[in-house]
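Report on the following structure.
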Amino acid sequence: MIVVVDTNIFHGDPLMRRSHFRILWGQHLRGRIRIALPEIVIRELPKLFQTQLDAAKIAIGSEAVKLRELGHAPGALTLPDSTQARADYEQRLRAGLRG
């Protein structure tokens with residue numbers, strides 16, 4: 001069976017870690033189903049991933065400011081480069097789809 005997935009299902013879970021994705025992905029890896037993503041979806045997903053990553057980085061920065069205002073220094077954080085993380089994500093996605 002081939003399951004065609006649209007970009008909308010990835011909002012909030014681009015790494016496919018929630019239970020519905022783990023089940024679907026597990027069936028794909030076992031060869032019981034085949035996940036098919038149209039090329040346009042594969043191209044949109046890295047952008048979605050990077051957008052969510054950038055939003056998380058901004059949120060961390062603003063929350064760190066709040067902590068400082070409350071007298072607590074959060075310490076240094078190492079945050080990923082968005083462009084590189086996007087490229088890595090796309091590479092892992094394409095490799096995973098090849099099976």
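Laboratory data are not the source of any read-out in this text; all were calculated from the coordinates shown. A quick note: this is a predicted structure, and the numbers were derived from the prediction, not measured. In this analysis, Cβ positions are derived from the backbone assuming ideal geometry, glycine residues included, and neighbour counts consider all displayed protein chains.
Tabulated data for the structure shown
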{"item": "Residue among 43, 94, 32 that alone is within 17 Å of residue 4 (Cβ to Cβ), surrounded by 11 or more Cβ atoms within 10 Å (Cβ to Cβ) and without any contact (Cβ under 8 Å) to a residue 40 or more places away in the chain", "result": "43"}
{"item": "Residues located in the stretch 33-55, provided they are of a type in the set (Val, Ile, Thr) and either in contact with a Ser or Thr (Cβ under 9 Å, 6 or more places away or on another chain) or not in a strand (DSSP E or B) (or both)", "result": "33, 40, 41, 42, 51"}
{"item": "Failed criterion for residue 58 (all others in (1) part of a helix (DSSP H, G or I); (2) hydrophobic (A, V, I, L, M, F, W, C); (3) surrounded by 11 or more Cβ atoms within 10 Å (Cβ to Cβ) hold)", "result": "(3)"}
{"item": "Yes/no for residue 17 being on the phi < 0 side of the Ramachandran plot and either surrounded by fewer than 12 Cβ atoms within 10 Å (Cβ to Cβ) or not in a helix (DSSP H, G or I) (or both)", "result": "yes"}
